[in-house]
Amino acid sequence: MLALPPAAFSHPEIQSQIDVLNAQLMQQPGNPALLLQRADLYRRHGDFVSAKRDLAAAGQAETVPAELPFYEGRLQLDSGQAAAAEHSFSRYLGAMPKHATAYVLRAEARSAQGSMEQAAQDYGEAIKLSEAPAPELFRLAARCLVQAGDSQWPAAEEMLDSGLARFPRETSLLGLAVDLALAQNDPESAVALVSSLPGALLRLPQWQARANLANTLSTNDPASRAEGLRIARQRLVAYTSN
């Protein structure tokens, strides 16, 4: 019996969509819109070679689709080519400057290269362009600003404040905001944020640890405060690096 690789069975719903497009392309060979659709399905299926082949074919069409750089960028990002992906998304945004998803994906490409301030700017653009931006966009933007260095921590705080104004009970934003306040030696703000949580959450270990650290930073003992601040900064960097 012939043994097929696991990928052959990993996404049956995607494979069925590819089969439909295969049939359509037999009737309309070289149709660039269909090639883009199939390329994206191949990408999601993990078949990067076939995806690249379809994108190349779409690029040879008489009328090259305006979306081609977007799909090229997605494939490059998924295949670990962050610099090439950034270039493709920049090309696409040059023609489509109000495409929020392209900003998010370019932010991912820039973050993968360590360009954290630029990545945060892209997340910020995506937030501005989205009718209902997800809390995760605010968290990712703030995370990039934290990773950019402590000179950007006030900007990260502003980003989290904007997110919490929309989502005051979003724990992913609250947790990062508390950690950032502690790392900036601002236990009062940290306590105020923690106190907004329901009692059940306050009893969880991660929130107890934050409350204890805020208490340490509020003591009269300089050595304890210095050690608490060291731990707070270490925790923030570790949390945003994961």
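The values are calculated or read from the model by the stated rules, or taken from the named source; none is laboratory data. Bear in mind the structure is a predicted one, so any value in this text is a computation, not a measurement. Cβ: placed from backbone, ideal geometry, glycine included. Neighbour counts: every protein chain shown.
Within the stretch 36-54, residues that are within 15 Å of L21 (Cα to Cα) have Cβ atoms under 6 Å from residues that are of a type in the set (S, T, N, Q) and part of a helix (DSSP H, G or I) in these pairs: L41/Q17; Y42/S50, counting only partners at least 6 apart in sequence or on another chain. Scanning the stretch 195-226 for residues that are more than 32 Å from the chain's Cα centre (by Cα) and of a type in the set (D, E, K, R) returns D221, R225.
From the list R225, R210, the lone residue that is surrounded by 14 or more Cβ atoms within 10 Å (Cβ to Cβ) and either more than 21 Å from A156 (Cβ to Cβ) or touching a residue at least 40 places away in the same chain (Cβ under 8 Å) (or both) is R225.
Set side by side, the residues P168, P154 differ, and just one is part of a loop (DSSP other than H, G, I, E, B) and outside the structural domain of S115 (by the TED database), which is P168. Here S111 meets the list (1) within 26 Å of L68 (Cβ to Cβ); (2) not in a helix (DSSP H, G or I) almost entirely, failing just condition (2).
Quick one: how many residues across the stretch 77-99 are over 25 Å from P133 (Cα atoms) and either in contact with a Lys or Arg (Cβ under 8 Å, 6 or more places away or on another chain) or crowded, with 16+ Cβ neighbours inside 10 Å (or both)? Number of matching residues: 3. If you go through the stretch 137-194 and keep only what is crowded, with 18+ Cβ neighbours inside 10 Å and among the β-branched types (V, I, T), you end up with V146, V178, V191, V194. Taken over the stretch 182-197, the criterion of being closer than 17 Å to L229 by Cβ and not in a helix (DSSP H, G or I) is satisfied by Q184, N185, D186.
Those helices (runs of 4 or more DSSP H) of the stretch 1-89 in which 3 or more residues are touching a Leu at 6+ places or on another chain (Cβ under 8 Å), within 16 Å of L105 (Cβ to Cβ) and at pLDDT below 95 are absent.
Taken together, the residues in the stretch 121-155 that are over 18 Å from K98 (Cβ atoms) and β-branched (V, I, T) amount to 1. In the stretch 1-29, the residues that are under 17 Å from R53 (Cβ atoms) reach residues that are at pLDDT 90 or above and outside any helix (DSSP H, G or I) with C-beta atoms within less than 7 angstrom, at least six apart or across chains, in these pairs: A7/G46; L25/N31. A single entry from A141, A132 fulfils the requirement of being in a helix (DSSP H, G or I) and either on the phi < 0 side of the Ramachandran plot or not acidic (D, E) (or both): A141.
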